[in-house]
Amino acid sequence: MEASQGSEKGRDNETDGGAEPRPSARVLRTTRALIRRNPGVNRVYRTSVGVVGVGTIALGVALIPLPGPGSLIALGGLALLGTEFDGAKRTSTAANAAARKVVARAQRAREQRRQKNADAEPS
C-alpha cells in the first residue's frame, strides 16, 4: 500500500468559500505533518488507520445481509482507508461512483412506477 503523497493539495472542502482555511483543517494538517516527520509514529498511525478501516469494512460486509446501512458502513471504512492509502482512495472513489449510479437507477425506476400507477388510476 502506498502513502498518499500530496493529498492535501486542491481540497475545496477545507475552506469556507474564501481565502482562510478552517481552523480545524489547519490543525489536522499540521498534526498530520508532525506525525509524518517521525517514522515510528507514522508507522503506528498508518497501521492504526489500516486496522480501524479494515475492521469497519468487515463490520459493514457482515451487516449487508441484515436490514440497515451495512453497505454504507463498508463504504465509510473504505473512505477511512482512503485517507492514508492511495489504492483505497481510488477504490473508494470508484465504489462511490457505482453507488451513485445505483441510486440514480433506483430513483428512475421509482419515478417510472409512480407514473405508471398514476396513468392506471381512473380519473
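Observations
- Reported count of residues in region 104-123, each being at pLDDT 90 or above and open to solvent by less than 80 Å² (accessible area, probe 1.4 Å), is 3.
- Among the residues of this structure, Glu84 counts as one that is of a type in the set (Asp, Glu) and surrounded by 14 or more Cβ atoms within 10 Å (Cβ to Cβ).
- Unique match (being part of a helix (DSSP H, G or I), open to solvent by 50 Å² or more (accessible area, probe 1.4 Å), of a type outside the set (Phe, Trp, Tyr) and touching an Asp or Glu at 6+ places or on another chain (Cβ under 7 Å)) among Arg29, Arg43: Arg29
- Here Leu66 passes the criteria (1) within 17 Å of the chain's Cα centre (by Cα); (2) part of a loop (DSSP other than H, G, I, E, B) except the one numbered (1).
- Checked against the criterion of being surrounded by 11 or more Cβ atoms within 10 Å (Cβ to Cβ), in a helix (DSSP H, G or I) and in contact with a Ser or Thr (Cβ under 7 Å, 6 or more places away or on another chain), the candidates Gly76, Gly55 yield just one match: Gly76.
- Pick from region 1-26, criterion surrounded by 10 or more Cβ atoms within 10 Å (Cβ to Cβ) and assigned to a helix (DSSP H, G or I), ranking: modelled with the highest pLDDT: Arg26
- Restricting attention to region 62-72, the residues being open to solvent by 50 Å² or more (accessible area, probe 1.4 Å) and touching a helix residue (DSSP H, G or I) at 6+ places or on another chain (Cβ under 6 Å) number 2.
The values are calculated or read from the model by the stated rules, or taken from the named source; none is laboratory data. Since the structure is predicted, the reported quantities are computational estimates derived from the model, not experimental observations. Neighbour counts are summed over all protein chains in view; Cβ atoms, including those assigned to glycine, are modelled from backbone coordinates with ideal geometry. Heads up: the accessible areas ignore ligands, DNA and RNA and are worked out on the full protein's heavy atoms, side chains in. Shrake-Rupley method; radii C 1.70, N 1.55, O 1.52, S 1.80 Å.
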